[in-house]
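The values are calculated or read from the model by the stated rules, or taken from the named source; none is laboratory data. Computed from a predicted structure; not experimentally measured. Note: ideal-geometry Cβ built from the backbone for every residue, glycine included; neighbour counts use all protein chains shown.
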Amino acid sequence: MTPSATEPRLYLADIDHVRSGGSHYRLRHRTYLWLVDLDQLPRLPRPLRPLARFEARDHFGGGAPSIRAGLDGFLAARGAGLPPGSRVSMLAHARVFGHVFNPLTVYWCHGPDGSLRQVVAEVHNTYGERHCYLLAPETAGAVRGDRGVRGAHDTRDSGDAGKTHDARAVPKEFYVSPFLRVEGVYRMALPEPGEHLALSVRLTGGTDGARLTATVRGELRPAGARGLLRTALRRPWSTAAVTVGIRFHGVRLWLRGLPVRPRPRHVPQEGMK
């Protein structure tokens, strides 16, 4: 049976980053995110379209005819293509007044029977580069038994995932922060959201001892015209705020004397060119 389409959803979210190990730094940012069906992207009334646009150029290689086509190309290059009748939910920022920056976009790929087949985490850096991590379905669960920052390991409610799983460990392969080398291991817990949004990514294992815990926690809000207007007024030009915030905190870390790590040459992945 073909899974039903996901109705567009909005989540008011708190994004929390904590750096520890040698140098401690914490930042928190409030924003909102969309959960959309890649085959049925929201069709907003014309006056509201500047507040939310989803464009293929903002994801994967940027040259596919649609975001779904970009995802399918990435999966096919890894022998993980989805069968006909599959559906994909995407959690991301939309373009707001023509601007978007998505540090992390998550795709939950469901087969024709509704079962979760793959999870894809797409990471962008501020240099215009992109990298994707292909994760197994058990990543769509909360971390079990860890201690740490509240929210990163809180298992009270992790969407509609139902069962609790360990986070999936994947090696870091992409330059994101100028203050962190391309080394170490990510542990990602990315449960598909329901009434609540609760994601966590932990980075450990670098030779400099630095550790990073990033969490995204949010609450579901109406995604109709009225709900979008209310949310946009509470978080005006949210995507520009993300970009400005990243640069602001980068300057603060530099002024604290954190060494800048050289950026290696980026080679796009297969299916991302």
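Here are a few things to note about the model shown:
- ARG43, sole failed condition from (1) touching a helix residue (DSSP H, G or I) at 6+ places or on another chain (Cβ under 8 Å); (2) over 16 Å from TRP108 (Cα atoms): (1)
- Near pairs, Cβ below 7 angstrom, 6+ apart or cross-chain, from region 96-123 (in contact (Cβ under 8 Å) with a residue 12 or more places away in the chain and within 18 Å of PRO191 (Cβ to Cβ)) to any residue that is acidic (Asp, Glu) and part of a loop (DSSP other than H, G, I, E, B): TRP108/GLU192
- Residues of region 202-223 satisfying the condition of being of a type in the set (Gly, Ala, Ser) and touching a Pro at 6+ places or on another chain (Cβ under 9 Å): GLY205, ALA214, GLY218, ALA223
- Neighbours by Cβ (under 6 Å, 6+ apart or cross-chain): first from region 252-273, surrounded by 13 or more Cβ atoms within 10 Å (Cβ to Cβ); second among the aliphatic types (A, V, I, L, M): GLY271/ALA77
- Counting the residues of region 172-192 that are crowded, with 19+ Cβ neighbours inside 10 Å, of a type in the set (Asp, Glu) and over 21 Å from ALA92 (Cβ atoms) gives 0.
- Residue in region 257-273 that is farthest from PHE174 (Cα to Cα), counting only those that are at pLDDT 90 or above and charged (D, E, K, R): GLU270
- The set of residues in region 81-95 being in contact (Cβ under 8 Å) with a residue 60 or more places away in the chain, under 19 Å from ARG235 (Cβ atoms) and among the small types (Gly, Ala, Ser) consists of ALA94 alone.
- Among (1) within 24 Å of LEU12 (Cβ to Cβ); (2) at pLDDT 95 or above - the single one ASP160 does not satisfy: (2)
- Matching entry among PHE60, PHE54 (being closer than 15 Å to HIS124 by Cα, buried (at least 16 other Cβ atoms within 10 Å of the Cβ) and of a type in the set (Phe, Trp, Tyr)): PHE60
- Qualifying position, being surrounded by fewer than 16 Cβ atoms within 10 Å (Cβ to Cβ), in contact (Cβ under 8 Å) with a residue 40 or more places away in the chain, charged (D, E, K, R) and within 24 Å of LEU51 (Cα to Cα), among GLU219, GLU195: GLU219
- Which listed residue is at pLDDT below 95 and over 20 Å from ILE15 (Cα atoms), from HIS165, HIS249: HIS165
- Inspection of region 70-85 finds no residue satisfying the criterion of being touching a Lys or Arg at 6+ places or on another chain (Cβ under 7 Å) and loosely packed, with under 15 Cβ neighbours inside 10 Å.
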